[in-house]
Each structure stands twice: as structure tokens, then as C-alpha cells.
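First up is the structure itself, then whatever we jot down about it.
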Amino acid sequence: MRYPTLLSPLNIRNLELRNRVVFPPCVTNMDDHGDQSREWYAERARGGVGLVIRQATRTYLFADPSFAEGLRPMVNAVHAAGAAVAIQLIVADQVGEERVDVSARRGARGVTADEIAAMLEQLAQAAEASKAVGFDAVEPHGAHGFFMNRFFSPLHNKRTDEFGGTLEGRMQFGLRAVAAVREAVGPDFVILYRHTPLESAEGGYGIGDSKAFAPELVKAGVDVLDISPSRTPGGPHAQWAAEIKAAVDVPVIAVGGMNDPAAAEAALRDEKCDLAAIGRGQIADAHWAEKVAAGREGEIIECTECDEKCYGNLRKGIPIGCAENPESGKEHLAASNPV
Ligand SMILES: Cc1cc2nc3c(=O)[nH]c(=O)nc-3n(C[C@H](O)[C@H](O)[C@H](O)COP(=O)(O)O)c2cc1C
């Protein structure tokens, strides 16, 4: 076998993943409860992936119980195809219709401590509802410069209360989010956390801060750290996962340009990471994992990082697909017309 580590199973608490390949969260702009959204995820599961993570899903949507219930057919379809399924939960930077931010900025006022408490309560409810409809895990979205990540950033976080100031203060929103989720889902359920470890103009923090954060997240209840450098072209980008892995004892996902199976295998073998997430590579070819397992890597429809119909369509607000593969984004047609 050419990819023994990539294709080996992994146990996390009571969850067994059949291999180390992850489909990371990708907003699809598809109708949440529609046939196409269900088949989009199911097709990646049929294509051999070990863990599917459903796209960033706003926690306030769960206020209506029919929202989580409507995701159940997708969860069942992914399970029927042999994969595990998690959901990424995102706390939006709004209170009702009003924009808020970590600290006041133009167009948004600073969020209050009471509002933070309500947001974390809503996150916990969303996690509980996700568990109830069959998801195997939840992932608070603490990455990519979104609201939760901005609490960690000294450029955005100017707060002087317990949620700001020192590094410890900047960690608090993420840590309390995880603790609230753990309390809601109980001791046996799997919690992932997505974090961006890059020092950048947007974040203003470095890998040292992330390495201090990671073990605290684990103490708060995280089982898997999903380390995403966001939109860094090229790859493989396992080096940041490796830095975090050195600081914790839980499995770490590397993401970003990991779609060359030999490079993914090498990163796993060299213990830079425990799981490899392939995003655009599996948007281009839902059967990436199956082809790798069958020694048919040459048949993989390759992602060229053109970003035309994935990020491009995302920006346009229309359902995503792939410029290299006209079938991507039309999975419900194949499912309803099996030949
Ligand atoms: C269309 C699209 C939507 C995405 N949506 C999300 C999202 O909902 N949550 C998230 O954390 N990352 C999101 N991402 C980032 C991916 O999860 C992944 O980190 C990124 O594509 C890099 O991996 P890759 O090089 O394998 O594509 C999205 C990426 C794409 C292309």
C-alpha cells in the first residue's frame, strides 16, 4: 500500500474514522435542506473520505428546531456511505439585526459581556441540537478572521474586561465557547476547534500565541485541533499543524494545499499532523480518497487553484462548483438518475 498512514483508521473518543482524509468545512451556497446539499456531502462520503465537516453554520439558525431536523437526511446519507460527519458552528458578529464586533469599530459597536453570554448559550444549544440529529462532532469556527478569531487578535481586541487585554484574556471567548459546548454535549462527544495560527496583518499574533492557546483549548474540552492557515496558495501547509502538534497530545488536522496524496502521506508519516484535510481537491473530485485507496491517483481530477467556481462562486453568492469538473455541484442529478 502506497499510503499506509493516510489510509489508516483513527479513533477519537468513541468515534472511529476509517481513514485520515477530511473534507473540511466549505460554504456551498446551496439550500441547507435541499437534495443538492445532501448529495454534495453524501457524494464526498461515497468517494471514500473519513470525516466530512459540514460548512460554517450560523448558531442562531438553531433557534428554530426544524433547522437541525432538516439536516438529518444529510447526516444519515453520509453515515450510510461509511464516513463520520461533523458540523462547523459559527458565532455571527451580530445581535439581532445589529452588527457588533469584539471592540467598537466603524459600523459596529463592541459586544457586551451579557451578549457574549447569550451567544455562547446559543452556541451550546446549536451543538446540542447537532448531536441530537446524529452529527458525530461539532467544530466551533475560531479561524480565518471571523468573530471568534478576532477575540484572539490584538489588532481587533481592544477590550479591557476579562475577554481582552492579555493573551489570557484574548483566549477567553474561544475557551468559554469550548467549555459551553462540552457542557452541552457531555463527556463522550467529539469537539473539534478550527484555529488560524498565522502571524499576519489581519491577526497581529504569532505562532507562539497559538502554541500557548492550543493546550488551553484541550483543557477546555477540545479533542481535535483543525489548523487552518486560510487562503495561503500552494502547499502542502502542514508546518503550522506540526508546530501545534508539538504543543498538544490530541490529533491535529493539517489543511491547505494537502491534495497531493504523497505529500499528505509524508506529512502524516513525519508526524506533522494526524489528519489531512483536502478542500478544493475534493470539491474538484469527490472521489479523491477512493481513487487514492485504489491506486488510481492518476485518475484524480486535479484542483488547479484557479478558485473560479469555488471561492469565485462563493463571492458571487451562488452555489459552488468546480471549473475543472462540470459534475461538481450537480450531485443530486446523478443520485436521482442512477445508471
Ligand atoms: C468555497 C469555499 C468555502 C469555504 N468555506 C469555509 C467554511 O465554511 N469554513 C471554514 O473554516 N473554511 C472554509 N473554507 C476553507 C477550507 O475549509 C480550506 O481551509 C481551504 O479551502 C484550504 O484548503 P484546500 O487548499 O485543500 O482547499 C472554504 C473554502 C472554499 C474553497
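The values are calculated or read from the model by the stated rules, or taken from the named source; none is laboratory data. Computed from a prediction, not measured in an experiment: that's the story for all the values here. Cβ atoms come from the backbone with ideal geometry, glycine included; neighbour counts cover every protein chain shown. We work out accessible area using only protein heavy atoms, side chains counted, and drop any ligands, DNA or RNA first. Shrake-Rupley method; radii C 1.70, N 1.55, O 1.52, S 1.80 Å.
Checking the stated criteria, Trp240 turns out to be within 14 Å of the ligand (Cβ to nearest atom), among the aromatic types (Phe, Trp, Tyr), over 20 Å from Arg54 (Cα atoms) and open to solvent by less than 60 Å² (accessible area, probe 1.4 Å).
Checking the structure you have, find out if any residue of region 59-72 is more than 19 Å from the chain's Cα centre (by Cα), under 25 Å from Gly34 (Cβ atoms), open to solvent by less than 50 Å² (accessible area, probe 1.4 Å) and modelled with pLDDT of 95 or more. Yes: region 59-72 contains one or more residues that are more than 19 Å from the chain's Cα centre (by Cα), under 25 Å from Gly34 (Cβ atoms), open to solvent by less than 50 Å² (accessible area, probe 1.4 Å) and modelled with pLDDT of 95 or more. When the helices (runs of 4 or more DSSP H) confined to region 247-339 are screened for residues that are closer than 20 Å to Val78 by Cβ and open to solvent by less than 60 Å² (accessible area, probe 1.4 Å), those reaching at least 2 such residues are found at 280-284, 288-293, 331-336.
Listed here are the strands (runs of 3 or more DSSP E) enclosed by region 9-58 that have at least 2 residues being within 15 Å of the ligand (Cβ to nearest atom) and surrounded by fewer than 22 Cβ atoms within 10 Å (Cβ to Cβ): 51-58.
Residue-level check: of (1) farther than 12 Å from Ala177 by Cα; (2) free of Cβ contacts under 8 Å to residues at least 40 places away in the same chain, Ala118 misses just (1). Hey, among the residues in region 243-275 that are in contact (Cβ under 8 Å) with a residue 40 or more places away in the chain and touching a Cys at 6+ places or on another chain (Cβ under 7 Å), which one's nearest to the ligand (Cβ to nearest atom)? Checking each candidate, the answer is Asn259. For region 5-31, the set of residues classified as without any contact (Cβ under 8 Å) to a residue 60 or more places away in the chain and farther than 23 Å from Val185 by Cα consists of Ser8, Pro9, Asp31, listed by residue number. Name the residue that is surrounded by the fewest Cβ atoms within 10 Å (Cβ to Cβ), counting only residues in region 73-91 that are in contact (Cβ under 8 Å) with a residue 60 or more places away in the chain and over 18 Å from Phe189 (Cα atoms). Ranking the qualifying residues of region 73-91, first place goes to Gly82. Within region 218-237, the set of residues being without any contact (Cβ under 8 Å) to a residue 60 or more places away in the chain and away from the ligand (no atom under 16 Å from the Cβ) comprises Val218, Lys219, Ala220, Gly221. Check off (1) in contact (Cβ under 8 Å) with a residue 40 or more places away in the chain; (2) under 25 Å from Val185 (Cα atoms); (3) small (Gly, Ala, Ser) for Ser103 and give me the number that stays unchecked. Against the list (1) in contact (Cβ under 8 Å) with a residue 40 or more places away in the chain; (2) under 25 Å from Val185 (Cα atoms); (3) small (Gly, Ala, Ser), Ser103 comes up short only on (2).
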